[in-house]
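Note sheet for the following structure.
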């Protein structure tokens with residue numbers, strides 16, 4: 001489970017929360033790197049974002065300033081498991097060139 005901070009962790013002396021910047025972008029990049037690393041290690045992953053997700057914070061005992069971002073089951077692929085060969089349209093079918 002990946003969480004993002006909506007506010008910084010509280011300061012131990014004052015209890016005040018600091019501001020966080022670019023939380024969505026930072027967590028998204030971190031998740032992408034985590035998925036790439038897992039794939040490189042030979043693991044299979046699946047991203048899942050159930051809706052609503054807020055209940056996950058309370059189930060896992062996370063503080064109120066953390067929000068669930070994505071659930072990522074990770075494991076070894078089954079014996080003989082194959083990734084389907086998804087065919088993509090050729091570039092000539094989807095690219096639009098707008099020139100005079």
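The values are calculated or read from the model by the stated rules, or taken from the named source; none is laboratory data. The structure displayed is predicted, hence computed values, not measured ones. All Cβ positions, glycine included, derive from the backbone under ideal geometry; neighbour counts span all protein chains shown.
Here residue 93 clears all of (1) out of contact with any strand residue (DSSP E or B) (no Cβ under 7 Å at 6 or more places or on another chain); (2) part of a helix (DSSP H, G or I); (3) surrounded by 10 or more Cβ atoms within 10 Å (Cβ to Cβ) except the condition numbered (3). Here the condition is being within 19 Å of the chain's Cα centre (by Cα), surrounded by 10 or more Cβ atoms within 10 Å (Cβ to Cβ) and either free of Cβ contacts under 8 Å to residues at least 40 places away in the same chain or assigned to a loop (DSSP other than H, G, I, E, B) (or both); of 77, 50, 68, it holds for 50 alone.
For segment 5-20, the criterion of being touching a residue at least 24 places away in the same chain (Cβ under 8 Å) and touching a helix residue (DSSP H, G or I) at 6+ places or on another chain (Cβ under 8 Å) is met by at least one residue.
Among the conditions (1) without any contact (Cβ under 8 Å) to a residue 60 or more places away in the chain; (2) in contact with a helix residue (DSSP H, G or I) (Cβ under 9 Å, 6 or more places away or on another chain); (3) under 24 Å from residue 5 (Cβ atoms), residue 33 misses just one, which is (2).
Specify the residue that is modelled with the highest pLDDT; the eligible residues are those in segment 1-29 that are within 15 Å of residue 67 (Cα to Cα), touching a strand residue (DSSP E or B) at 6+ places or on another chain (Cβ under 9 Å) and in a loop (DSSP other than H, G, I, E, B). Per the stated criteria, the residue is 1.
Taking the options 57, 32, name whichever one is in contact with a strand residue (DSSP E or B) (Cβ under 7 Å, 6 or more places away or on another chain) and in a helix (DSSP H, G or I).
Numbers: 32 fails: in contact with a strand residue (DSSP E or B) (Cβ under 7 Å, 6 or more places away or on another chain).
Checking each option against the conditions leaves just 57.
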